[in-house]
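To start, the structure under review is shown below, and the notes come after it.
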Amino acid sequence: MISRLTRWLTGRTVDSTSSATARILALREMPAAVYAIGDVHGCLDLYQDLEAQIVADGATLPGKKLIVLLGDVIDRGPQSAGVLDHMLGPPPTDHERVVLRGNHEEMFLRFLDDPQPHTGWLDHGGLETLASYGLHLDPADVSGAARNGTRRRLRTHIPDSHIKLLSDLPHGLWVGDYFLCHAGTDPSKPPHAQRPTDLLWGFDGDGAPAPDGPIVVHGHFAHDTPRQSPRRINIDTGAYATGRLMAVRLTDNDSPRFLQARRAGYNHVATGHRVAPGLMD
């Protein structure tokens, strides 16, 4: 997925082997439009609705379009396995699609690597993700003597293609005047110097990005509506709880334009909040 996208836009990958810096995909040219999508969290129905809206909207724009999912495509909602299957499929005609890494993808990978010290993930959407694979666990299943058996069960139920997809996800995408990531940036550092934890857990409200840097587009911090300021756009509206999933269209010439998929019968609101690593969003 990343290599195909890089070839398509003759981009380059800013990739560090050090855990102290994030893996960033950089594209030299702005496509006809970039559609950034907030936290899907296992809501395949909302994603498919929104993707159809994006295709209809993009039909008015000549040239290639790019769909970017801002991380946390799994957990909490009921269809995480289905979401990953969809991401492995071909993108719509005249579109490319890239998924960025969120903190929930990171927690899932850590659990798969060593379940016992990472059982906290189960209480923050992991149980729903495992259930989407037909796998039902409780914390006792991953402790002590049961640990090796649990690893075998995980590998039996979860396709290697899903694990590879998640393992290959970059932390950010820099294109045109925009920097896209899961949870925002540390405002004291430029995008290329961000640590993975900066981009996975974010700095909601801890200062605006640098005025001479790119506009930061992110999710992770759920609010009732998208939050937009001159240097930051947050499009997480808590899809799994509210039944509302947002996208923002970014182009060279027009102001950002928002699109929304909404599930009938949902009247919940998302509460803006800050979270600590290992906890909620």
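Summed over the range 72-110, residues that are open to solvent by less than 10 Å² (accessible area, probe 1.4 Å) and without any contact (Cβ under 8 Å) to a residue 40 or more places away in the chain total 1. Applying a threshold of 8 Å to beta carbon distances and a minimum spacing of six or more residues, or different chains, the list of pairs starting in the range 227-246 at a residue that is in a loop (DSSP other than H, G, I, E, B) and surrounded by fewer than 20 Cβ atoms within 10 Å (Cβ to Cβ) and ending at one that is of a type in the set (K, R) and modelled with pLDDT under 95 reads G243/R263.
Scanning the range 123-140 for residues that are part of a loop (DSSP other than H, G, I, E, B) and either open to solvent by less than 40 Å² (accessible area, probe 1.4 Å) or among the β-branched types (V, I, T) (or both), we see that the one that is modelled with the lowest pLDDT is L137.
Table: residues versus (1) part of a loop (DSSP other than H, G, I, E, B); (2) of a type outside the set (S, T, N, Q); (3) at pLDDT 95 or above.
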{"site": "R147", "(1), (2), (3)": "no, yes, no"}
{"site": "T150", "(1), (2), (3)": "no, no, no"}
{"site": "L165", "(1), (2), (3)": "no, yes, yes"}
{"site": "K189", "(1), (2), (3)": "yes, yes, no"}
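Among the residues of the range 91-105, is there at least one that is among the aliphatic types (A, V, I, L, M) and in a helix (DSSP H, G or I)?
Residues of the range 91-105 that are among the aliphatic types (A, V, I, L, M), as a first pass: 98-100.
Those left that are additionally in a helix (DSSP H, G or I): none.
No: the range 91-105 contains no residue that is among the aliphatic types (A, V, I, L, M) and in a helix (DSSP H, G or I).
Out of the residues in the range 51-71 meeting the condition of being among the small types (G, A, S) and within 22 Å of A26 (Cβ to Cβ), tell me which one is most open to solvent (accessible area, probe 1.4 Å). That would be G63.
Is it fair to say G120 is open to solvent by 20 Å² or more (accessible area, probe 1.4 Å), over 24 Å from F221 (Cα atoms) and among the small types (G, A, S)? No.
The values are calculated or read from the model by the stated rules, or taken from the named source; none is laboratory data. Every value quoted in this text rests on a predicted model; they were computed, and no experiment measured them. Because the Cβ atoms are built from the backbone with ideal geometry, glycine has one as well, and the counts that use them run over all protein chains shown. Side chains are part of the model used for accessible areas, which takes the heavy atoms of the whole protein and leaves out ligands, DNA and RNA. Shrake-Rupley method; radii C 1.70, N 1.55, O 1.52, S 1.80 Å.
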